[in-house]
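This structure is in structure tokens; I'll ask about it shortly.
The values are calculated or read from the model by the stated rules, or taken from the named source; none is laboratory data. Predicted model, so just to flag it, every value in this text is computed and none were measured. As a convention, Cβ positions derive from the backbone with ideal geometry for all residues, glycine included, and neighbour counts pool all protein chains shown. With ligands, DNA and RNA removed, areas are computed over all heavy atoms of the protein, side chains included. Shrake-Rupley method; radii C 1.70, N 1.55, O 1.52, S 1.80 Å.
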Amino acid sequence: LSFAKCCHPLPGDELVGIIRSYKRILIHIKKCDKIKESKKNYVRAQWKTNYERPIKIIVEGKERSGILADIINVISRKGFQIKEANAKLIGNDKAECSFLISFKTVENLKDTINRIKRIRGILKIYLE
């Protein structure tokens, strides 16, 4: 199971899975243009309500001093355990921050993503 890079599904999005070779399933947003192009088998998909393993969140934003600290503060204020945090520059003006975080429910994940989106300079958030 993996998330499509074309549409980057996030909690709250309606999902559909496309069965790929070797019984792998690629999860797309139901309205993704790539689904219309595909002739593969579809399966119903939905978000899990509870999580047992950490989830990797990737955040892209405009490079600025303190962006990593701002994201970490949003996550830690809610009491979630950050298992891993990394940041790197992409070109001259963007930063990519990745986090491995332990969430208990899909609502915790959804709320955290919405809070991160409100940070100044955030451009994109997706799951891996």
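Longer than 21 Å from Cα to Cα, which of 34/62; 88/124; 36/56; 23/104 are they? Say none if no pair is. Could the numbers behind the result be given before it?
Values: 34/62 28 Å; 88/124 15 Å; 36/56 28 Å; 23/104 28 Å.
Over 21 Å Cα-Cα: 34/62; 36/56; 23/104.
Out of the total accessible area of the chain (probe 1.4 Å, heavy atoms of protein only), what percent is carbon and sulfur? Can you show the working numbers first?
Numbers: 3970 of 8450 Å².
Carbon plus sulfur share of accessible area: 47 percent.
Here is a follow-up. Which distance in nm do the two modelled labels at residue 93 and residue 62 give, with both placed 7 Å along the Cα-to-Cβ direction?
Label-label distance for residue 93 and residue 62, simple model: 0.8 nm.
What number results when the radius of gyration of the stretch 14-57, computed over Cα atoms, is divided by 2.2 N^0.38 Å?
That works out to 1.29 for the stretch 14-57.
Using the Cα centre as the reference, give the magnitude of the dipole from point charges on the C-beta atoms of the chain (Lys, Arg: +1; Asp, Glu: -1; all else neutral), rounded to the nearest 20 debye.
360 debye
Another question, if that's okay. Output ³J(HN,Hα) for the stretch 20-32: one whole-Hz value per residue in order, computed from phi by the Karplus curve 6.51 cos²θ - 1.76 cosθ + 1.60 with θ = phi - 60°, and x for Gly and Pro.
Using θ = phi - 60°, the values come out as 9, 4, 6, 6, 7, 10, 9, 8, 10, 6, 4, 9, 5 Hz.
Shifting gears a bit: On a full-extension model of 0.36 nm per residue, what is the gain between residue 123 and residue 6, subtracting their alpha-carbon distance, rounded to one decimal in nm?
40.6 nm
Give me the distance in nm between label points sitting 7 Å out from Cα along the Cα-to-Cβ direction at residue 83 and residue 25, one decimal.
Distance between the two pseudo-spin positions: 2.1 nm.
May I pose another question? Beyond 16 Å, what percent of the Cα pairs of the stretch 38-95 remain?
Details: 1006 of 1653 pairs.
Summing the P(r) tail past 16 Å for the stretch 38-95 gives 61 percent.
Against the longest principal axis of the chain, how steep is helix 67-77, in degrees 0 to 90 to the nearest 10, with axes from Cα atoms?
Around 80 degrees separate the two axes.
Something else about it: Can you give me the long-range amide H partners of residue 83? Hydrogens built in the peptide plane at 1.01 Å from N, cutoff under 5 Å, separation of 5 or more residues or another chain.
100, 101, 102
Could I ask something else about it? Which three lengths, in whole Å and largest first, does the chain cover when its Cα atoms are put on their principal axes?
Its Cα atoms span 46, 34, 24 Å along the three principal axes.
Go through the stretch 97-102 residue by residue and turn each phi into a ³J(HN,Hα) via Karplus (6.51, -1.76, 1.60, θ = phi - 60°); whole Hz please, and just put x for glycine and proline.
Per residue, the Karplus-derived 3J(HN,Hα) values read 10, 10, 9, 10, 10, 8 Hz.
Show 49, 112, 105 ordered by accessible area, largest first, where the area counts protein heavy atoms only and the probe is 1.4 Å.
49, 105, 112
Can you find, among 66, 127, 29, the residue sitting farthest towards the positive end of the charge dipole of the stretch 15-128, where Lys and Arg contribute +1 and Asp and Glu -1 at Cβ?
29
Now a separate question. Over the stretch 62-128, one equal point on each Cα, no solvent: what is log10 I(q)/I(0) by the Debye formula at q = 0.20, 0.26, 0.28 Å⁻¹?
-0.80, -1.34, -1.52
Collect residues whose amide H, placed 1.01 Å from N in the peptide plane, falls under 5 Å from the amide H of residue 105; neighbours closer than 5 in sequence don't count.
Here 51 satisfy the definition.
Lys/Arg Cβ at +1, Asp/Glu Cβ at -1, dipole of the chain taken about the Cα centre: which of 7, 18, 114 is farthest positive-ward?
The residue sitting farthest along the positive end of the dipole is 18.
Roughly how tilted is helix 106-117, in degrees to the nearest 10 and between 0 and 90, from the longest Cα axis of the chain?
50 degrees
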